[in-house]
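The values are calculated or read from the model by the stated rules, or taken from the named source; none is laboratory data. For clarity, every value in this text was computed on a predicted model and none was experimentally measured. Cβ placement follows ideal geometry from the backbone for every residue including glycine, while neighbour counts extend to all protein chains displayed. To get the accessible areas, we keep the full protein, side chains included, count just its heavy atoms, and leave off ligands, DNA and RNA. Shrake-Rupley method; radii C 1.70, N 1.55, O 1.52, S 1.80 Å.
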Amino acid sequence: MPLQFQIQREPRKGGGKKKGDPRQNLGRFLGSFGTGLLIFFLLIALYSILTSSQEEKVLVSLSELSVDVSKGMVTSIEVDGDSLKATYADGTIKSSKKESDNALTSTLTNYGVLPSQIAAVKIDVKEPGGAGYWILNLAPFLIPLVFIGFFIWLLSRQVKGAGMQAFSFGQSKARITLPQDKKQKVTFKDVAGAREAKQELMEIVDFLKNPKKFLDVGAVIPKGILLMGAPGTGKTLLARAVAGEAGVAFFSISGSEFVEMFVGVGASRVRDLFKMAKAAAPAIIFVDEIDAVGRSRGVGMGGGNDEREQTLNQILVEMDGFEPNEKVIVMAATNRPDVLDPALLRPGRFDRRVTIDVPDRNDREEILKIHARKKPFAEDVNLRVVAERTPGFSGADLYSLMNEGAILAARENRTKVSQYDLIRAIEKVMLGPERKSHLLSMEEKKITAYHEAGHAVVSSVLDYADPVHKISIISRGRAAGYVLHLPLEDRKLQSKREFLDDIAVSLGGYVTERMIFGDLTTGPSNDLQVSTALARDMVTKYGMSEKMGPVALESAGGRVLFGKGVDEGEYSERVAAEIDAEVKSIMTEGMEKAEKTVKTHRKLLDAIAERLMEAETIERDDFEKILVAHGVIPKKKKDIEHQP
Ligand code: ADP
Ligand code: MG
Ligand code: ZN
């Protein structure tokens, strides 16, 4: 888990409960459902109490009552709607009912009571009305209504709880980090390496801190800054750090959050977001993963998505609408700058582009140090060695390496993280966890051992291949076994000779299986994919094929070049066939090279495979001993691995 920086704009409902947890939602639902039911029953009870009379009354029929009236026993009758309440001379009270349409006097007359006898009785007609009357009459309609209303309210609450916020369309979903929020504050100190990027961004920090200085000399500060870099290189982190350094409000939203099912919502989110940011200026708006909305419009891939286009247009409109003295800066991050719409990259928009590289060895050490801050380490820990062994790791990989190391130590009930924990964590991050439970049959074990030994032999013998660092036939993630290589230094450039040797190394497993067992398994399929892709890139991207010559047939990021879709049909069938032929010839060459190597070093191959079957893992020192014993000189260590 990356650090939790984000604060929720809306206070969460339901205390500190996580809103995503379905069990808690259910519990809450059942809770309020129970309350609803209780209220319902109470209403019913109230209703029945109101309808039934409060006092015990003697019921008499209308004819009996008429007889009593004619006998002069009744002193008064109270008429309330259809019900009658007769008070007798002796004080008893009896009740009765009359027909609803007839007046009491005419009813009594019909029963043969004389007018004079009626006149002797005090008849008191009550106006229908009063709260009780209304409740009684309306309750049958009201109760279901109240109940339905209650349910709607309940459902709307659940929907909100589920995070859909059905009733707040268009409100920007941005998360805001305010400068006074000390706990979530990130500064440049928390970002290791990325020196050039930090330098570029320092200017922005300066402007946000002291805009007057710039505006006074008529300088126009870029509105948009695009951070580009591989996943996990710290783009999001850097954007936060800029806000932290400058002490301004930070509005962050991810590109994919803009794209919603409902048309128009993305655009209105953008409007809300910019309005909020302007009100809080100086501020930074950060659109993470902007390629989700900012893909080239109208290019075949991904299809035309109206919603996305509207959102993108709205971002552009808002950015164009900035006054020169508006202290709002838009930052965006992407790992696919090649697919971005050219309109976004135009001057006046995201014209300032900052590239963040994958960290080199020194940067890796710095990053490790940052993530080592709160961890207790044993004396033997040497972060420099860890940094050396992790070429190609991004900041995020290193973060999770440190975390895995600590987890390993805790699992084994140690209070300090040791170097061994960190070394094991490297492989875990690289290849996934060991699958010790995955038992290989003897046959499978032998095939895997020879396969990996084949890779190892080729890479130890060929001049431009990376030296072997570790071999294992313990399956990890999806791999049945693996050979870890260690490049001699961090390389920015790779040469054709290295690529050719790499391809031969990849095919080392394949040729060995065929040579030893006279058969092939599905094992080398990944090797084949990787090496074929590399051969293809050599031909189409790097101009490394003699036959095709110095042409780049594809752009770096695939088949789209700054908005211009390089269609499948861009090069002719004939060229496509030539490419295929070239790829095949490179692969065949690599295979022959690998085959020759394992054949001439058959004894070494057997020795490595045997050791693997026995020990399952061979570390570098042991491996080099085997090499020397078979007359192969291990590759120079250069200055890798200083011992502590
Ligand atoms: P990105 O946005 O480029 O994919 P993030 O900024 O989300 O990468 O980085 C993920 C995590 O990796 C960060 O939260 C941080 O812990 C770690 N990290 C990445 N780069 C660095 C760095 N240069 N220094 C320190 N930590 C880093
Ligand atoms: Mg990110
Ligand atoms: Zn392999």
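Values for this structure:
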| quantity | calculated |
| --- | --- |
| Tyr464 being away from ligand 1 (no atom under 16 Å from the Cβ) and assigned by TED's automatic domain parsing to the domain that holds Asp537 | yes |
| Test result for Ala425, within 16 Å of ligand 1 (Cβ to nearest atom), aliphatic (A, V, I, L, M) and touching a helix residue (DSSP H, G or I) at 6+ places or on another chain (Cβ under 7 Å) | yes |
| Lone unmet requirement of (1) of a type outside the set (S, T, N, Q); (2) under 17 Å from Ala456 (Cβ atoms); (3) more than 33 Å from the chain's Cα centre (by Cα) for Asp527 | (3) |
| Qualifying residue in region 196-204 (condition: over 18 Å from Ile285 (Cβ atoms), part of a helix (DSSP H, G or I) and within 16 Å of ligand 2 (Cβ to nearest atom)) | yes |
| Residue ID - nearest to Tyr482 (Cα to Cα), chosen from residues in region 589-633 that are open to solvent by less than 90 Å² (accessible area, probe 1.4 Å) and hydroxyl-bearing (Ser, Thr, Tyr) | Thr617 |
| Boolean, Gly477 is under 25 Å from Leu604 (Cα atoms), within 16 Å of ligand 3 (Cβ to nearest atom) and either in contact with a helix residue (DSSP H, G or I) (Cβ under 7 Å, 6 or more places away or on another chain) or modelled with pLDDT under 85 (or both) | no |
| Condition broken by Asp291, with the remaining ones in (1) within 14 Å of Leu344 (Cβ to Cβ); (2) at pLDDT below 70 satisfied | (2) |
| Condition broken by Val381, with the remaining ones in (1) within 25 Å of Val242 (Cα to Cα); (2) open to solvent by less than 60 Å² (accessible area, probe 1.4 Å) satisfied | (1) |
| Any chance Leu439 is farther than 27 Å from Thr522 by Cα and modelled with pLDDT under 85 | no |
| Test: residue in region 354-369 that is within 16 Å of ligand 2 (Cβ to nearest atom) and open to solvent by 70 Å² or more (accessible area, probe 1.4 Å) | yes |
| Tabulated pairs, region 390-419, first more than 16 Å from Phe377 (Cα to Cα), second open to solvent by 60 Å² or more (accessible area, probe 1.4 Å) and more than 16 Å from ligand 2 (Cβ to nearest atom), C-beta under 7 angstrom, 6+ apart or interchain | Pro391/Asp490 |
| Selected residue (only one of Gly348, Gly392 is at pLDDT below 90 and in the same structural domain as Ser256 (by TED's automatic domain parsing)) | Gly348 |
| Members of region 225-251 found to be more than 10 Å from ligand 2 (Cβ to nearest atom), touching a helix residue (DSSP H, G or I) at 6+ places or on another chain (Cβ under 9 Å) and not in a helix (DSSP H, G or I), listed by number | Ile225, Leu226, Met228, Gly247, Val248, Ala249, Phe250, Phe251 |
| Leading residue by the ranking (nearest to Leu226 (Cα to Cα)) among those in region 253-274 that are open to solvent by 10 Å² or more (accessible area, probe 1.4 Å) and either modelled with pLDDT of 85 or more or not in a helix (DSSP H, G or I) (or both) | Ser254 |
| Cβ pairs under 9 Å, 6+ apart, first in region 167-183 and at pLDDT 75 or above, second open to solvent by less than 90 Å² (accessible area, probe 1.4 Å) and of a type in the set (Ser, Thr, Tyr) | Arg175/Ser252; Ile176/Ser252; Thr177/Ser252 |
| Any pair with Cβ under 9 angstrom, 6 or more apart, that starts in region 320-339 at a residue that is assigned to a loop (DSSP other than H, G, I, E, B) and ends at one that is within 14 Å of ligand 2 (Cβ to nearest atom) and of a type in the set (S, T, N, Q) | Asn335/Thr233 |
| Only one of Val217, Val191, Val242 that is within 27 Å of Glu323 (Cα to Cα), β-branched (Val, Ile, Thr) and buried (at least 19 other Cβ atoms within 10 Å of the Cβ) | Val242 |
